[in-house]
Amino acid sequence: MTEKNTLVARTQEEALALNVPLQEENNYTTLNLGPTHPATHGIFQNILTMDGERIVSSDMTVGYIHRAFEKIAERRPFYQITTLTDRMNYCSSPINNMGWHMTVEKLLEITVPKRAQYIRVIMMELARIADHLICSSIMGVDTGAFSGFLYVMQEREKIYEIYEEMCGARLTTNMGRIGGMERDLSPTAIKKIKDLVYNSLPKVFAEFEELFDRNRIFRDRTIGVGAVSQEMAMSYGFTGPNLRAAGIDYDVRVMEPYSSYEDFEFDIPVGHNGDTYDRYKVRNAEVWESIKIVRQAIENLPEGPYYANENHYYLPPKHSVYRNMEALIYHFKIVMGEIDAPVGEVYHAVEGGNGELGFYLISDGGRTPYRLHFRRPCFIYYQAFGELIKGGTVSDAVPIMSSLNVIAGELDA
């Protein structure tokens, strides 16, 4: 290529004289969407290059709330890591807690009783429902409809009351134990669960869907917006509802069953176009499937203990700790990490609210993990956000982010 061909003219006269293209005037502007913008759903920064209202490109940054969970966990005993996991995706923290406990149980080769496995399924599916209720209703808020968010808040409150009955906490639950559950399902908890999945939630959620499914404004704002093809989803490593919305029926609960999920009958909802509306529809369909799973678990709840007989790893009951010296000693040794774990390398994944939530654990035989890595689905699929919003408008970018359900604590652990 000659030097002449690399020239760019700034005026029409220069273009004719040099026989080169005329440089078009650049009217691009820069817009900061975040890191403290209320529409970004967290501490995310997106530096947008705008051509009028159209997004030409996006430069995303993360790290504004980085808490180094993995490195902190490598300096903590196994039990003290539970309180770190439920602060990742705080919208469905019991799934995080139990996923971590199952990982440690795989390392320790602990078999959890059937009743404990069913109770875990109930709590994890309630957490999935709460997570999807938040995501779908926030999509309504971001497209101009606040009423749906307020309407389903009462059902989330009932789920939090069940958490409170099970562990005394509501959001960051610290639920369960290595080897099973902290406590059995009480009659009050069973009554609250049955009332939720048989009476109030199905009625309220059906009405919630009626508010949005055929709403013209909501459909215009979501159909065909932020579409993800199957090839794109696979190349980025999508899992969970965002992958299934693109038409790929991958679900960890089916592909790699854990906690007796093979005992339950449920469908895997999939979409067709992979757009914002499909992601909304898939999550809503999963709420109905979770209701089915909870009903099956509560109706077929096995008899027996709710924790494994593992004195070296399962915390003794509190009433024993207060009255029995041996129980007090074991409680102290377990919490403070004075019992060595076996040498090993394990990976365990659960189907979190946003996809495959995995824990990669290496133990060198000490009292803390030698290396620990969390596979956080938000961190993976947020990397596609720039590509999804390219060519759209800022008003498109906000519901696209809502439909991905980017949780700041999970993205930036």
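Things to note:
- Against the chain, whose longest principal axis is taken from its Cα atoms, helix 201-212 shows a tilt of about 0°.
- Cα gyration tensor, the range 46-144 - rounded (a/c under 1.5), prolate or oblate: oblate
- Stretch in the chain that is longest and holds no GluC sites (Glu not before Pro) that DSSP places in a loop and that have at most 11 other beta carbons within 10 Å: 110-264
- Spacing of the modelled spin labels on Asp249 and Arg219, each 7 Å from Cα toward Cβ, amounts to 2.6 nm.
- Thr83/Phe146 FRET efficiency (R0 25 Å; Cβ-Cβ; nearest 0.05): 0.15
- Length available on full extension from Thr36 to Val394: 0.36 nm per residue minus the Cα-Cα distance, which gives 127.3 nm.
- In degrees, nearest ten, helix 276-299 long axis to first principal axis of the chain (Cα): 10
- With the Kirkwood sum run over all distinct C-alpha pairs, the range 272-393 has a hydrodynamic radius of 19.3 Å.
- Considering all C-alpha pairs of the range 69-412, those separated by over 28 Å amount to 42%.
- DSSP-loop chymotrypsin sites (Phe, Trp or Tyr not before Pro) across the range 318-413, with at most 11 other Cβ within 10 angstrom: Tyr322
- Accessible area per residue, Å², the range 69-412 with all protein chains present, probe 1.4 Å: 40
- Put a dot 7 Å past the Cα of Thr111, heading toward its Cβ, do the same for His312, and the two dots end up 1.8 nm apart.
- Percentage relative contact order, the range 69-412, counting C-alpha pairs under 8 Å, at least six apart: 27
- Set of lysines with alpha-carbon distance to Lys71 below 23 Å, sequence-local pairs under 8 removed: Lys106, Lys333
- Annotation for the range 165-236 versus the range 314-346: alpha-carbon center distance of 34 Å.
- Computing FRET efficiency as 1/(1 + (r/R0)^6) for Glu207 and Arg170, where r is the C-beta to C-beta distance and R0 is 22 Å, gives about 0.35.
- The phi torsions of the range 122-131, fed into the Karplus equation with coefficients 6.51, -1.76 and 1.60 and a -60° offset, translate into couplings of 4, 5, 5, 6, 4, 5, 5, 4, 4, 4 Hz, rounded to whole numbers, with Gly and Pro shown as x.
- Remark: the Asn300-Arg67 segment gains 79.8 nm on full extension, using 0.36 nm per residue and subtracting the alpha carbon distance.
- Close amide H partners of Gly271, meaning residues 5 or more places away or on another chain with modelled amide H under 5 Å apart, are Ala245, Ala246, Gly247, Ile248.
- Total formal charge among the other residues, if their Cβ is under 14 angstrom from that of Leu108, Lys/Arg +1 and Asp/Glu -1: -2
- Projected label points at Asp340 and Gln230, each 7 Å from Cα along the beta carbon direction, are separated by 5.1 nanometres.
- Principal-axis tilt of helix 147-167 within the chain, Cα atoms, nearest 10 degrees: 30
- Measuring nothing but protein heavy atoms, the accessible surface of the chain at 1.4 Å probe radius is 51 percent carbon and sulfur.
- Amide hydrogen proximity for Gln45: with H placed 1.01 Å from N in the peptide plane, the residues at 5 or more positions away or on another chain lying under 5 Å are Thr61.
The values are calculated or read from the model by the stated rules, or taken from the named source; none is laboratory data. Keep in mind that what you see is a predicted model, and the values were worked out from it rather than measured. Virtual Cβ from ideal backbone geometry, glycine too; neighbours counted across all protein chains shown. With ligands, DNA and RNA removed, areas are computed over all heavy atoms of the protein, side chains included. Shrake-Rupley method; radii C 1.70, N 1.55, O 1.52, S 1.80 Å.
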